[in-house]
Amino acid sequence: MADPSSYRPRPGEIPDSPGVYRFRDEHRRVIYVGKAKSLRQRLANYFQDLANLHPRTRTMVTTAASVEWTVVSTEVEALQLEYSWIKEYDPRFNVKYRDDKSYPYLAVTMNEEFPRVQVMRGHKKKGVRYFGPYGHAWAIRDTVDLLLRVFPVRTCSAGVFKNAARTGRPCLLGYIGKCSAPCVDRISPEEHRELAEEFCDFMAGRTGTYLRRLEKQMMTAAEEMEYERAARLRDDIEALKKAMEKSAVVLADATDADLIAVAEDELEAAVQIFHVRGGRVRGQRGWVTDKVEDVTTAALVEHALQQLYGEESGDAVPKEVLVPALPEPVAPVQEWLTGRRGSNVSLRIPQRGDKKALMETVQRNAQQALALHKTKRASDLTTRSRALEEIAGALDLDSAPLRIECYDISHLQGDDVVASMVVFEDGLQRKSEYRRFQIKGFAGQDDVRSMHEVISRRFRRYLAEKEKTGEWSEGEDAAADGSLLTGTDEITDSLKDDEGRPKKFAYPPQLVVVDGGQPQVAAARRALDELGIDDIAVCGLAKRLEEVWVPGEDDPVVLPRTSEGLYLLQRVRDEAHRFAITYQRVKRSKRFRAGPLDDVPGLGETRKQALIKHFGSVKKLRSATIEQIQEVPGIGRKTAETIAAALAQAAPAAPAVNTATGEIIEDEEPDTTGGSSGEPAIAGLPDERRGQET
């Protein structure tokens, strides 16, 4: 725990101007980013008597080891830079809204030659029009199904589209009139794009134009006695009205607005957003955050606005944003929103009428979301804090282990041995920093040796990064030599460098947990000792009795079954086990899919499938003549000769055995190109149960 006075800037060093500041910990990791109209006044607040600080602010300044700042010209620039740094560094102590789910959007891919209507989640792509978010994907599909009667835009995938173009036959939607079938040239690319534009206009709220146009066409058709066409237009109008009814009118003046409400207590806050377009609620979403700093409702609103519109532009930012409290000061935020939209944005608190009534509805949703979130045990900040304190007390640690890494080994009877590393920070999963390893230092099944190898490799990387950043001198540990870093780690850069950006394994845990008992714990401790690392605690969690083992002790630490600390260790262990098994199954499936046909040069997946379909099994293909192999479409004589030679060189697969009867099962069933070569199959057991996975 650092003393803030040890890194407090000297009087007069801090400028009295707008800017953005960063607090870093002892590992140079950015842990907090903030902005200020006056850097001198704001930073002075952090270096007062610790007893006067908010508990979470006190934790932040004692965790930090340094502070730095960047001066900017205006408060709007400070707002933009703060958002950029929060996105880049992902600081621990900043307010970060955790979306309670991944919301689906209705997307129209206007960046393609033939725009496609589909459901999309995740990051937004350039050139794609988005509508929503919706609460459920089925709500999007219901709406699209109704609108395709009037706007028969393409909805098929690229593969289906190309296949239809190749065969000259449209898909089912083309036959029933819910697709204009541009794949078979029933409509030109220009006409299809115009249709997609009309679809987007309707979804954007400009519905009256199309309804009036269809009604006029219906009346004209009836007058000309084209009754079938008039009936179709009547049905189209009903479909559009039904689609419109799915989102009720809430604001009579066809307003485009977002309404943001906040419900909070001392520890957490929930934010709810209603997206109103054309006077109708088009989507709803919600976020929840831990209040890791002393933050007001106005500041929560400002953070919500940053997250909501930080990567949006144009019409995605509405003309009007209604909030429960205005950020202080409000002018820079409003100017920033106007810049994102490209035209004026009104940011205000609704005072009366329909907008205030709708805001009350959004507020009730926020309160319900917070109440529901509080019932989720794993996301409760108080519960997580208690769990970390219990672990620290049980293992006799100096402080709560804010970063925990857990390792597990998985294999299939000694084959495809892999390991996983999962990371929990502040009691929550940090999936971006998960890692997986292949065990290549030896062959066979040895969990203890595998654990030693994985821990050694991971912390060699840590020592190497410390040496690069100057935190570790060359003479302190020869194990940090770069020559010890093998290319067997399947990793990607993710931890932070000296600027707080992603980098390899540079941030150490306070606690290493291994899945296993005394032998695995001893192997992990030995690996750390060999590298000269003595400031990282190690423990193991044995599955049999959920006992916690520590190095050098003959008896385990037994935590009560109702202990929050034990519950957290179990979640960490189970997540490492899941991640390891997932990777091991991927490697196993690749090995099982390998077969003698895989070694034939120039033989692709399509022709391999054609061969198996023609002969029924690899065994029958192996006994076929070159002339018989040539009968398969797409197989010439040279290829047939190559196939015959490859199969002749490959050892025939061992027969399958029924474990219940001992009977040898003849290979008469259709094989697949993934048949294992040279390995006996065990009939009667599914793949995932052939051998113990650890």
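The values are calculated or read from the model by the stated rules, or taken from the named source; none is laboratory data. Please read all numbers here as calculations on a predicted model, not as lab measurements. Because the Cβ atoms are built from the backbone with ideal geometry, glycine has one as well, and the counts that use them run over all protein chains shown. When the accessible area is computed, the model is the full protein with side chains, heavy atoms only, and any ligands, DNA or RNA have been set aside. Shrake-Rupley method; radii C 1.70, N 1.55, O 1.52, S 1.80 Å.
Rolled with a 1.4 Å probe across the full set of protein chains, the surface gives residue 74 an accessible area near 60 Å². When the trypsin sites (Lys or Arg not before Pro) in the stretch 110-192 are filtered for DSSP coil states and for at most 10 other beta-carbon atoms within 10 Å of their beta-carbon, the remaining sites are 126. Rounded to the nearest Hz, the phi-derived 3J(HN,Hα) couplings of the stretch 121-129 under the Karplus curve 6.51 cos²θ - 1.76 cosθ + 1.60 (θ = phi - 60°) are 10, x, 5, 7, 9, 5, x, 10, 8, where x marks glycine and proline.
Put 349, 439 in order of accessible area, highest first, and with a 1.4 Å probe you get 349, 439.
Could you rank 88, 360, 405 by how accessible they are, 1.4 Å probe, largest area first?
Ranked from most to least accessible, the order is 360, 88, 405.
Applied to the stretch 26-31, the Karplus parametrisation 6.51 cos²θ - 1.76 cosθ + 1.60 on θ = phi - 60° returns per-residue 3J(HN,Hα) values of 5, 9, 6, 8, 6, 10 Hz, with x for Gly and Pro.
Less than 5 angstrom separates the built amide H of residue 72 from those of 19, 20, all sequence-distant by 5 or more or on a different chain.
To the nearest 10, the accessible area of residue 241 is 80 Å² with a 1.4 Å probe. Summary value for the stretch 1-108: 36 percent relative contact order, contacts being C-alpha pairs under 8 angstrom separated by 6+ residues.
Solvent-accessible area per residue in the stretch 3-135 equals 47 Å², computed with a 1.4 angstrom probe and all protein chains kept. Over 25 Å between Cα atoms: which of 124/587; 587/608; 216/241; 440/608; 178/216; 319/355 fall into that group? From the list (124/587; 587/608; 216/241; 440/608; 178/216; 319/355), the Cα-Cα distance tops 25 Å for 124/587; 440/608. Backbone amide hydrogens, once placed in the peptide plane, bring residue 31 within less than 5 Å of 23, 24, 25, excluding anything fewer than 5 places away on its chain. Across the stretch 428-437, coupling constants 3J(HN,Hα) worked out from phi with the 6.51/-1.76/1.60 Karplus curve, θ = phi - 60°, read 10, 4, 10, 5, 5, 10, 5, 9, 9, 10 Hz, and Gly and Pro carry x. What part of the accessible area of the stretch 271-373, given as a whole %, is carbon or sulfur when the probe is 1.4 angstrom? On the stretch 271-373, the fraction of accessible area on carbon and sulfur atoms equals 46 percent. Among the protein heavy atoms, those of residue 588 account for about 10 Å² of accessible surface (1.4 Å probe, every chain in place). Of 442, 151, the order by accessible heavy-atom surface (1.4 Å probe, DNA, RNA and ligands excluded), from most exposed downward, is 442, 151. Taking a probe of 1.4 Å, how large is the accessible area per residue of the stretch 317-361, in Å²? It amounts to 50 Å² per residue over the stretch 317-361.
Taking the protein heavy atoms of the stretch 145-228 in the context of the full set of protein chains, the accessible area attributed to carbon and sulfur is 53 percent at 1.4 Å. Under the classification rounded if a/c is under 1.5, otherwise prolate if a/b is larger than b/c and oblate if not, where does the stretch 22-170 fall, given a ≥ b ≥ c as square roots of the Cα gyration tensor eigenvalues? Prolate, since a/c reaches 1.5 and a/b exceeds b/c. Amide H contacts for residue 268 (H built 1.01 Å from N in the peptide plane; partners 5 or more residues away or on another chain; cut-off under 5 Å): 291.
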